[in-house]
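Accompanying notes for the structure given below.
The values are calculated or read from the model by the stated rules, or taken from the named source; none is laboratory data. None of these values were measured; they are calculated from a predicted model. All Cβ positions, even for glycine, are placed from backbone atoms using ideal geometry, and neighbour counts span all protein chains on display.
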Amino acid sequence: MNTIRAKKSLGQNFLKDPHYLRKIADAAQVGPLDQVLEIGPGLGHLTRVLTERAKNVLAIEVDDRLIPILQNEFSSVQNFELLHADALEYDFGMLNGRWKVVANLPYYISTPIIQKLIAHRTKFISLALMLQKEVAERLAAPPGGKEYGYLSVLVQYNAIPRIEFKVPPGAFTPQPEVDSVVLTLQMRDQPAVVVRDEEFFIRVIKAAFSQRRKTLRNALKQLEIEQEKMETVKSEAGIDLSRRAETLTVEEFGRLADYLRD
């Protein structure tokens with residue numbers, strides 16, 4: 001199994017330390033009734049732990065070289081299924097039932113994968129993700145700091161993020177040049193705030209953070225809201241448009257979007 005070299009072009013860093021493999025499965029709270037979707041099983045080290053705990057494991061792997069290795073390694077494992085596909089292209093809407101996601105994501109695709117998983121949130125109970133420390137901190141960031149941004153609001157609207165633990169570079173082959181952490185996202189049964197038009201709510205967040213240094217009044221001009229409406233935002237919705245996007249809570253973004261949508 002160890003004859004395969006990690007592909008730099010795919011951002012591969014194979015996790016091999018048994019202590020951290022168990023900790024990830026623990027953080028994901030994988031049990032005998034769970035369906036687990038593993039994105040990027042690599043050489044199958046974490047997959048082995050997951051198949052021992054879960055009802056079934058569906059692993060999605062894009063690397064042609066790893067497919068025969070995984071097929072051979074898990075040929076006698078009844079609750080394992082391997083899918084040779086790109087997770088960025090795969091339609092998660094095809095999944096039956098609800099799943100727990102466990103993934104050691106290549107860091108360069110972590111953001112689009114998370115956005116895609118969230119777009120299919122009804123399919124997932126939780127996500128347990130190995131991420132670059134800075135990305136995890138952004139997703140879990142509270143309002144008020146420079147880490148808090150569009151992705152923070154999007155994630156926290158849909159899920160409850162929690163940074164579980166750090167994973168040292170020595171736990172991987174090859175060793176990554178960045179710090180890694182495991183982040184769990186517990187998907188909400190209902191979004192953090194009820195909004196009238198979710199698509200418009202997301203447009204407001206994107207616009208607000210598209211020009212971080214500008215006030216909301218200036219950043220939201222791209223939405224082409226009537227001036228009269230903008231002038232009454234503070235009195236009617238309680239949001240001062242001289243504030244900047246990073247100071248607003250998810251609930252305040254919801255209130256702002258609902259008022260501008262009317």
Would you check if Gly11 is within 23 Å of the chain's Cα centre (by Cα), at pLDDT below 90 and under 19 Å from Val101 (Cβ atoms)? yes
Subset of the stretch 14-57, residues closer than 19 Å to Ile109 by Cα, at pLDDT 95 or above and assigned to a loop (DSSP other than H, G, I, E, B), comes to none
Count of residues meeting criterion [basic (Lys, Arg) and either over 21 Å from the mean Cα position of the chain (by Cα) or modelled with pLDDT under 95 (or both)] in the stretch 167-198: 1
Somewhere in the stretch 58-77, is a residue modelled with pLDDT of 95 or more, among the β-branched types (Val, Ile, Thr), surrounded by 19 or more Cβ atoms within 10 Å (Cβ to Cβ) and under 14 Å from Ala128 (Cα atoms)? no
Of residues in the stretch 84-97 being surrounded by 15 or more Cβ atoms within 10 Å (Cβ to Cβ) and among the aliphatic types (A, V, I, L, M), the one farthest from Val178 (Cα to Cα): Leu95
Pull up the stretch 217-262, narrow it to residues that are surrounded by 16 or more Cβ atoms within 10 Å (Cβ to Cβ) and of a type in the set (Asp, Glu), then point me to the one that is farthest from the chain's Cα centre (by Cα). Asp258
Pairs only if they're at least six apart or on different chains, beta carbon under 9 angstrom, first in the stretch 221-238 and without any contact (Cβ under 8 Å) to a residue 60 or more places away in the chain, second exposed (fewer than 14 other Cβ atoms within 10 Å of the Cβ) and in a loop (DSSP other than H, G, I, E, B); list them, first residue then second. Lys229/Asp262; Val233/Asp240; Lys234/Asp240; Lys234/Ser242
Is there a residue being surrounded by fewer than 18 Cβ atoms within 10 Å (Cβ to Cβ) and either farther than 19 Å from Ala159 by Cα or not assigned by TED's automatic domain parsing to the domain that holds Leu46 (or both) anywhere in the stretch 109-131? no
Surrounded by 14 or more Cβ atoms within 10 Å (Cβ to Cβ), touching a Lys or Arg at 6+ places or on another chain (Cβ under 9 Å) and not assigned by TED's automatic domain parsing to the domain that holds His19: does that describe Ala171? no
Regarding Lys214, is this residue farther than 18 Å from Arg255 by Cβ, surrounded by 13 or more Cβ atoms within 10 Å (Cβ to Cβ), outside the structural domain of Ile24 (by TED's automatic domain parsing) and without any contact (Cβ under 8 Å) to a residue 60 or more places away in the chain? yes
Taking the options Lys55, Lys100, name whichever one is in contact with an Asp or Glu (Cβ under 8 Å, 6 or more places away or on another chain) and surrounded by fewer than 16 Cβ atoms within 10 Å (Cβ to Cβ). Lys55
How many residues of the stretch 102-150 are assigned to a strand (DSSP E or B) and either among the aromatic types (Phe, Trp, Tyr) or touching a Lys or Arg at 6+ places or on another chain (Cβ under 9 Å) (or both)? The answer is 5
Would you mind finding the one in Lys55, Lys100 that is touching a residue at least 40 places away in the same chain (Cβ under 8 Å) and either within 25 Å of Ala245 (Cβ to Cβ) or not polar (S, T, N, Q) (or both)? Lys100
